[in-house]
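Each remark here refers to the structure printed beneath this line.
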Amino acid sequence: MILYLLLIIGIRLMGKHQVGELEPSELVLAMLISDLASVPMQDFGIPLLNGVIPIITLLAITMILSVLTVHSLRMRTLICGRPSIIVERGRLKQTEMKKNRFTVDELMEELRQQGVTDISTVEFAILETSGQLSVLLFPEYQTITSGRFPPVSDGGGLPIPLINDGRLILENLKLRGVDETWLKQQISMRGFSRYEEIFLLTVDQDLRVYFSPKEVSS
Amino acid sequence: MKRLWIAVVVLFLVLAASLVNNHALYRITSDMTESLEQAEKSFQAGNTHQALLLTQLARQKWEQSSGYLYTVLHHTESDAVLVLFTQAQHYLEQKNPGREYPVCNAALITQIELLYEMERLNLKNLL
């Protein structure tokens, strides 16, 4: 009970925003204190102080870091990282994706979860330091507000990737009812010849293509 | 900034408490090992009764501090000391303690020294 109360007090002291959104340092803290608290709880042969002292120490260190991150931008960047723009004006930023080890599949999943199926409608997709993806659509695709008409649905259905990071996905090719000849034609129309040169190519039900070539590494 | 200073003070208090604990453990364990070493010398000199009294005195010191020791140390370590105290006393109460008492007393002294050693702030313990 003592340890439980200590954890509740500690989490309250950390501030409200930390309960819902865990920064990397907070995730580490949560994992460590849960482990530290569980050991004396399970084993009566281990004194309570063996759990209490490290937890208090960790909470104090986290408190110091959290105050420092509020006051110093450098410290904030060092401890929490900085948001990364993954999609900018409908274009995938592959360097940022690689830096964050964020795959196309993960991006598509996140976008679908937010009701977005077409990357070309995304003005900005920002990977926040908490790991959440913020998606900002182009104004014409945004939800109706008091001053804006609803966007007209142009159909198209769900775009599925045919080429993901240079790899052809044959299943999706069949699913879309197209063949490699059609795909190669689409690629050559855009000035490319090999699958390896393409980072992402998606096709919707109306066979509209979203195309993003691989960035040439400098 | 108030929170920062509170956290810094808490950290210093934890550090101070660990240093005080270190010192307290040294004081308690060195008192006991001293008595037990004297008991060993008395035993070697043939004075088994004196050795028994000194061992009992060391055990009394242990029991006086047992509340504190059980709060700061793993109970298995403290229990091991208690078992060795009982064994050492048992050997000394026998008519012919023979070689068993010195072996048991050496183990007891080592176990008590280890209690302090494992709580010391040094690189060996940290790593």
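The values are calculated or read from the model by the stated rules, or taken from the named source; none is laboratory data. Because the structure is a prediction, the values reported are computed rather than measured. Heads up, the Cβs are rebuilt from the backbone with ideal geometry, glycines too, and the neighbour counts pull from every protein chain shown.
Key figures
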quantity: Top-ranked residue of segment A:66-96 - restricted to ones that are surrounded by 19 or more Cβ atoms within 10 Å (Cβ to Cβ) and more than 30 Å from A:Thr202 (Cα to Cα), ranked as nearest to the other protein chains (Cβ to nearest Cβ); calculated: A:Val67
quantity: Breaking point among (1) more than 19 Å from the chain's Cα centre (by Cα); (2) within 14 Å of chain A (Cβ to nearest Cβ); (3) surrounded by 14 or more Cβ atoms within 10 Å (Cβ to Cβ), for B:Gln50; calculated: (2)
quantity: Selection within segment A:124-143 - in contact with a helix residue (DSSP H, G or I) (Cβ under 8 Å, 6 or more places away or on another chain), over 12 Å from A:Arg82 (Cα atoms) and assigned to a strand (DSSP E or B); calculated: A:Ala125, A:Leu133, A:Val135, A:Leu137
quantity: Which listed residue, of B:Leu82, B:Leu69, B:Leu121, B:Leu115, is in contact (Cβ under 8 Å) with a residue 60 or more places away in the chain, assigned to a helix (DSSP H, G or I) and within 14 Å of chain A (Cβ to nearest Cβ); calculated: B:Leu115
quantity: Checklist (1) touching a residue at least 24 places away in the same chain (Cβ under 8 Å); (2) buried (at least 18 other Cβ atoms within 10 Å of the Cβ); (3) farther than 16 Å from A:Glu215 by Cβ applied to A:Leu107, failing item; calculated: (3)
quantity: Per-region count, segment A:153-194, residues at pLDDT 90 or above and part of a helix (DSSP H, G or I); calculated: 10
quantity: Residue satisfying all of: in segment A:44-65; under 12 Å from A:Gly10 (Cβ atoms) and polar (S, T, N, Q); nearest to the other protein chains (Cβ to nearest Cβ) among these; calculated: A:Thr57
quantity: Residue ID - farthest from the chain's Cα centre (by Cα), chosen from residues in segment A:207-218 that are part of a loop (DSSP other than H, G, I, E, B) and surrounded by 11 or more Cβ atoms within 10 Å (Cβ to Cβ); calculated: A:Leu207
quantity: Residue that is nearest to the other protein chains (Cβ to nearest Cβ), among those in segment A:22-43 that are of a type outside the set (A, V, I, L, M, F, W, C) and more than 16 Å from A:Tyr4 (Cβ to Cβ); calculated: A:Asp43
quantity: Breaking point among (1) closer than 26 Å to B:Asn125 by Cα; (2) away from every other protein chain (no Cβ under 14 Å); (3) surrounded by fewer than 17 Cβ atoms within 10 Å (Cβ to Cβ), for B:Met32; calculated: (3)
